[in-house]
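The values are calculated or read from the model by the stated rules, or taken from the named source; none is laboratory data. The structure presented is a predicted model; accordingly, all values stated were derived computationally and were not measured. Here the Cβ is made from the backbone with ideal geometry for all residues, glycine too, and neighbour counts use every protein chain on show. The protein model used for the area step is the full one, side chains on, heavy atoms only, and it has no ligands, DNA or RNA in it. Shrake-Rupley method; radii C 1.70, N 1.55, O 1.52, S 1.80 Å.
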Amino acid sequence: MCGIVAVTGYKKALPLLINGLEKLEYRGYDSAGIAIINSEKNSISCNKAEGKLKNLKNNLKDENIPGTVGIGHTRWATHGKPEFKNAHPHIDGSGTIAVVQNGIIENFQDLKNKLEKEGIIFNSDTDTEVIPHLIKRELNTLSKLNLENNGSTLLVAVRNVISDLEGSYALAVLWADAPTSLVVARRQAPLIIGLGEGEFICASDTPAIANFTNIILPMEDEEIALLTPLGIEIYDINNERQYRNPVSLKVSEQIMDKMNFKHYMLKEIYDQPQTAKNWLENYLNQDLEKGKYQINYPFDTKFFESIERIEIIACGTSKHAAMVGSFLLEQFSGIPTNVFYASEFRYSPPPLLPNTLTIGVTQSGETADTIAAIDMEIKRRSSIEDKNFKPNLIAITNRKESSIGRMVSNIIDICAGIEVGVAATKTFFAQLLSFYGLAIKFAEIKGTQSIDEISNLITELIKLPPLIEDLLEQHNKSSEKLAHDFFNIKDVIFLGRGINYPIALEGALKLKEISYIHAAGYPAGEMKHGPIALLDKKVPVISIASPCEVFDKVISNAQEAKARDSYLIGIAPECNGTEIFDYLMKVPSSNEWISPLLNIIPLQLLSYHIAAHRGLDVDQPRNLAKSVTVE
Ligand code: M6R
């Protein structure tokens with residue numbers, strides 16, 4: 001939520017900031033702005049625009065602001081409407097301090113009331129605006145101590161101010177009186193420093209840095225840093241100077257290329273055969289002597305033996321992947337498993353039970369609720385002496401250098417490459433694969449499945465890449481046609497059962513988030529307990545009907561919908577029973593365990609084409625952002 005970028009060095013700041021913001025726009029697109037220390041005027045030049053970055057770029061197209069130090073912001077509104085006055089950067093009354101921020105300052109109202117009593121005038125409704133005013137006040141106080149006007153003084157002022165802030169933030173600060181310096185700080189919101197050639201760039205995420213350098217220094221929680229063209233000083237919360245080695249970005253973390261696709265989302269749907277290949281290459285090892293395949297996760301799996309139950313914490317699409325994972329872990333591996341919304345778990349966690357594995361699932365690795373829930377679980381388990389209650393953790397993420405990557409040492413990197421479309425597609429697919437790996441691992445260790453069952457499932461996984469390619473080929477055109485007939489509908493119901501119930505939820509989420517059509521997913525057997533009242537000829541029903549123990553019941557549930565005049569779309573292999581569907585989106589006949597990985601493909605394509613047909617901004621749907629770093 002919100003992207004920030006900041007530069008200092010010897011190159012012109014404006015193009016660097018705009019380039020960085022282009023890569024961060026997925027984090028929010030309610031407004032954008034930049035502030036640069038104008039080296040000719042020795043003052044801050046600030047430009048902002050409501051709406052997407054292109055509006056700001058338009059405003060700036062003939063500008064040539066001289067200056068090599070600047071900050072930029074792309075906003076996802078929290079406090080204050082998405083209006084010009086609330087766009088960042090925010091400036092203090094003297095016009096010498098500029099601040100961009102990503103996060104939520106929870107005590108901003110108290111701070112604002114105090115500042116207003118001191119006569120400070122506010123120009124926005126944001127929580128952020130208190131920060132430049134507080135920094136200015138602090139600098140006034142420090143000036144009485146005869147400190148020089150330089151970056152070190154700004155660092156002290158910012159440190160004093162952030163100690164009074166409650167909530168989470170990543171921020172970058174400019175001071176016209178320290179024209180080559182930049183101060184950045186973070187608490188529970190991401191910030192990474194890139195070491196370029198002739199410049200340091202600090203940003204919320206790696207793509208904003210990757211054009212300039214692949215050498216980065218991730219900042220740890222509660223750190224503050226002073227950046228000048230000559231170097232970087234990082235300090236922890238106790239004001240201890242921190243020294244650490246830079247790390248290299250992987251190539252996949254740097255690629256943001258739409259290729260010839262109209263939208264990133266479509267490209268990312270088409271990336272999925274490669275996602276499957278990557279996962280198989282990374283995590284499936286063949287023992288050449290025994291010819292047997294093994295899941296090769298990059299951590300000591302001994303603790304699997306003691307695990308008696310699993311809790312999984314996630315939000316949104318990641319939660320749907322977790323639900324499929326939970327089904328596999330219970331039904332295939334025999335381990336009692338519960339899935340929780342992170343936002344609920346953090347305030348009402350279940351009673352602690354021994355020998356529990358906690359799995360956090362987050363593609364971005366930055367989702368505030370998931371991070372807070374995992375942090376809380378680590379703390380409450382660590383406070384108990386009984387070693388059976390100690391935290392056992394795994395994180396499933398696409399960004400191992402993210403906050404969750406730094407909190408949890410057992411990481412399953414889903415290796416899906418950067419996902420730009422706000423609607424998660426290939427990362428969902430890769431999260432699912434990660435759960436198949438875990439389920440296989442547990443089934444082996446616990447002996448809950450025969451060797452044959454396990455190797456059957458592995459064989460099915462190996463077959464995935466060409467199957468997904470075929471599905472894409474088969475459904476891209478047909479779902480475009482279907483979208484033509486359905487782009488004006490108001491409500492859609494998705495039904496699934498068992499392992500495919502979460503796929504119904506995910507199908508509904510995909511449709512609503514990018515097409516703004518109301519959609520709801522239900523377990524097919526639940527329809528008759530209420531939702532069936534919604535049905536009539538205007539409400540199509542999409543029923544996932546993979547052959548399984550309850551296939552006949554799924555078909556009966558679909559019949560019940562048809563009897564209420566709903567147009568019925570089936571996601572199923574062509575077989576006895578599927579003739580009841582008005583339209584069948586055929587998927588290959590498969591082992592039931594593997595069916596979610598196939599069924600999701602036509603659903604993603606259908607949502608994509610409906611949204612594209614409606615002429616909507618598929619990659620940046622309204623009100624959303626790719627990573628939700630606020631509560
Ligand atoms: O980065 P995360 O996986 O933690 O994100 C969780 C949700 O915000 C995310 O899945 C969201 O629901 C997507 N927009 C779904 O497409």
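Filtered by the rule that a residue be touching a residue at least 12 places away in the same chain (Cβ under 8 Å) and within 24 Å of the chain's Cα centre (by Cα), region 330-344 gives 337, 338, 339, 340, 341, 342, 343. Could you look through region 340-363, keep only residues that are within 16 Å of the ligand (Cβ to nearest atom) and surrounded by fewer than 24 Cβ atoms within 10 Å (Cβ to Cβ), and pick out the one that is nearest to residue 510 (Cα to Cα)? My answer is 341.
One residue stands out among those in region 364-378 that are of a type outside the set (A, V, I, L, M) and more than 9 Å from the ligand (Cβ to nearest atom): the one that is least open to solvent (accessible area, probe 1.4 Å), which is 377.
Looking at 569, 542, 594, 610, just one residue is open to solvent by less than 10 Å² (accessible area, probe 1.4 Å) and either free of Cβ contacts under 8 Å to residues at least 12 places away in the same chain or within 23 Å of residue 456 (Cα to Cα) (or both), and that residue is 594.
When every residue of region 21-34 is checked against the conditions, at least one turns out to be charged (D, E, K, R), surrounded by 24 or more Cβ atoms within 10 Å (Cβ to Cβ) and not assigned by TED's automatic domain parsing to the domain that holds residue 365. Of everything listed in (1) more than 13 Å from the ligand (Cβ to nearest atom); (2) open to solvent by 20 Å² or more (accessible area, probe 1.4 Å); (3) under 23 Å from residue 520 (Cα atoms), the single unmet condition for residue 324 is (2). When we screen 79, 88 for residues that are crowded, with 24+ Cβ neighbours inside 10 Å and assigned to a loop (DSSP other than H, G, I, E, B), the only hit is 88.
When region 583-611 is examined, which residues are found to be more than 16 Å from the ligand (Cβ to nearest atom) and of a type in the set (A, V, I, L, M)? Of everything in region 583-611, those that are more than 16 Å from the ligand (Cβ to nearest atom) and of a type in the set (A, V, I, L, M) turn out to be 584, 585, 587, 594, 597, 598.
Taking first residues from region 484-506 that are more than 21 Å from residue 616 (Cα to Cα) and open to solvent by 30 Å² or more (accessible area, probe 1.4 Å) and partners that are of a type in the set (Asp, Glu) and not in a strand (DSSP E or B), the Cβ contacts under 9 Å between residues at least 6 apart in sequence or on separate chains come to 498/549; 498/592.
Every test in (1) closer than 23 Å to residue 76 by Cα; (2) without any contact (Cβ under 8 Å) to a residue 60 or more places away in the chain is passed by residue 105 save one, and that test is (2).
Looking at region 53-75, which of its residues are in contact (Cβ under 8 Å) with a residue 60 or more places away in the chain and closer than 19 Å to residue 124 by Cα? Matches in region 53-75: 71, 72, 73, 74, 75.
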